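The values are calculated or read from the model by the stated rules, or taken from the named source; none is laboratory data. Note that the coordinates shown come from a computational prediction; the quantities given were computed from them, not determined experimentally. Counting neighbours? That spans all protein chains shown, and the Cβs are built from the backbone with ideal geometry, glycine included.
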Amino acid sequence: MKLLLAPMEGLLDFVLRDVLTRVGGADRCVSEFIRITGSLLPDKVFLRTMPELRNGSRTLAGVPVRAQLLGSDPDSMAANAANLARLGPEGIDLNFGCPAKVVNRHGGGAALLQDPGQIARVVAAVRAAVPAHMPVSAKMRLGFNDSTLMTECAQAMQDGGACEIVVHARTKLDGYRPPAYWELIPRIREAVAVPVIANGEIWTVEDALRCREQSGCDDLMLGRGIVADPGLAHAIRAAVEGGQADRPHVVQWHELIPQVQRFWEMVCEDLEPRQRAGRLKQWLNLMRRRFPQAEQAYQELRTQTDQREITMWVGALAQRPWPGL
């Protein structure tokens with residue numbers, strides 16, 4: 001079983017990739033999308049989104065990171081993929097799932113799910129532009145407004161040379177609203193010969209087990225669920241491989257305190273001052289789903305904006321008498 005860390009624009013960036021892969025359990029990450037238009041991007045753009053390129057395309061914990069490109073023009077995608085390949089990414093992933101209106105309006109992301117032929121051309125152009133040993137994979141949704149073309153789109157990705165397809169089991173129209181329609185993924189699996197990985201609405205071990213059963217996929221991609229519960233990959237692995245389904249949580253709050261502290265240190269080192277407090281609150285807000293201690297932490301920090309005050313608060317986390325410990 002492979003467990004992958006999803007690309008999530010504005011949330012799961014290199015800082016959180018570093019922290020989550022230190023907690024462990026993920027086999028591979030995918031960067032947030034790098035948007036390709038008509039120009040050839042300089043190296044600094046790739047490195048800004050994916051600084052792991054400076055570390056052999058791995059997080060500091062040693063987990064491989066695949067770079068994701070988003071665009072609709074085969075020539076521009078090919079030229080930029082070739083440029084990116086010089087920097088040595090573990091592989092290149094192509095985004096056919098982003099539901100953002102600003103992206104779809106320009107024909108990128110999920111908008112391409114209306115045109116399987118164009119998908120095939122984009123994938124084929126990228127595949128031809130990068131070294132043969134470098135994996136080229138793709139991520140899709142079930143469709144744009146509906147799932148009518150989902151098998152044709154998956155086949156187009158395979159025909160273009162994609163070696164693996166991640167399926168976010170919702171349409172663009174569905175956005176991120178539950179549920180995810182894992183039960184439709186077997187139709188895609190039957191239509192292609194390459195590995196298919198299930199993604200979408202996997203928040204708990206129980207979700208993961210049901211997703212594997214309904215989708216028929218052994219491998220999963222985790223997004224907001226692992227941000228909310230950084231030990232989720234470990235817990236899923238314990239349930240699937242060790243038969244420990246009665247242990248839904250294997251990483252506890254006190255074990256995450258050093259990671260919260262490291263997260264804040266990296267945020268202060270690498271992000272603009274105006275972004276720092278919001279990023280910490282964003283993560284704590286999601287962790288409230290799993291940890292009552294994160295609820296308390298979020299409420300204490302909710303209105304705080306002063307970096308020095310937050311740094312003192314973060315530094316004292318390990319000494320706090322947290323409830324439930």
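Looking at Arg141, Arg105, Arg86, which is the one that is more than 16 Å from Met50 (Cβ to Cβ), more than 19 Å from the chain's Cα centre (by Cα), assigned by TED's automatic domain parsing to the domain that holds Val15 and basic (Lys, Arg)?
Going through Arg141, Arg105, Arg86 in turn, the sole match is Arg105.
Scan Ile202, Ile226, Ile236, Ile257 and give me the residue that is in a loop (DSSP other than H, G, I, E, B), modelled with pLDDT of 95 or more and under 30 Å from Leu317 (Cα atoms).
Ile202
Looking at (1) crowded, with 23+ Cβ neighbours inside 10 Å; (2) touching a Gly at 6+ places or on another chain (Cβ under 6 Å), which one does Ala124 not meet, given that it meets all the others?
(1)
Given the criteria touching a residue at least 12 places away in the same chain (Cβ under 8 Å) and under 15 Å from Val240 (Cα atoms), does Arg212 qualify?
Values: touching a residue at least 12 places away in the same chain (Cβ under 8 Å): yes; under 15 Å from Val240 (Cα atoms): yes.
Yes; evaluated as a whole, the condition is true for this residue.
Anything in the stretch 6-28 that is buried (at least 24 other Cβ atoms within 10 Å of the Cβ), out of contact with any helix residue (DSSP H, G or I) (no Cβ under 8 Å at 6 or more places or on another chain) and under 21 Å from Glu269 (Cα atoms)? List them, or say none.
Thr21
Would you mind finding the one in Ile257, Ile310, Ile236 that is in the same structural domain as Glu32 (by TED's automatic domain parsing) and among the hydrophobic types (A, V, I, L, M, F, W, C)? Outline the logic, then answer.
Values: Ile257 fails: in the same structural domain as Glu32 (by TED's automatic domain parsing); Ile310 fails: in the same structural domain as Glu32 (by TED's automatic domain parsing).
Checking each option against the conditions leaves just Ile236.
So how many residues does the stretch 48-98 have that are closer than 14 Å to Val136 by Cβ and of a type in the set (Lys, Arg)?
Going through the stretch 48-98 one residue at a time, the tally reaches 1.
Determine which single condition Asp218 fails, assuming it passes every other condition in (1) assigned to a loop (DSSP other than H, G, I, E, B); (2) in contact (Cβ under 8 Å) with a residue 12 or more places away in the chain; (3) more than 22 Å from Arg66 (Cβ to Cβ).
All conditions pass for Asp218, except number (3).
Which one of these does Arg279 not meet: (1) in a helix (DSSP H, G or I); (2) over 20 Å from Leu60 (Cβ atoms); (3) within 22 Å of the chain's Cα centre (by Cα); (4) among the basic types (Lys, Arg)?
If we test Arg279 against (1) in a helix (DSSP H, G or I); (2) over 20 Å from Leu60 (Cβ atoms); (3) within 22 Å of the chain's Cα centre (by Cα); (4) among the basic types (Lys, Arg), just (2) comes out false.
Identify the residue in the stretch 33-87 that is among the small types (Gly, Ala, Ser) and touching a Ser or Thr at 6+ places or on another chain (Cβ under 6 Å) and, among all such residues, is surrounded by the fewest Cβ atoms within 10 Å (Cβ to Cβ).
Looking only at the stretch 33-87, we keep the residues that are among the small types (Gly, Ala, Ser), and these are 38-39, 56-57, 61-62, 67, 71-72, 76, 78-79, 81-82, 85.
Now drop any that are not touching a Ser or Thr at 6+ places or on another chain (Cβ under 6 Å), which leaves 38, 61, 67.
Values: Gly38: 9, Ala61: 14, Ala67: 26.
Per the stated criteria, the residue is Gly38.
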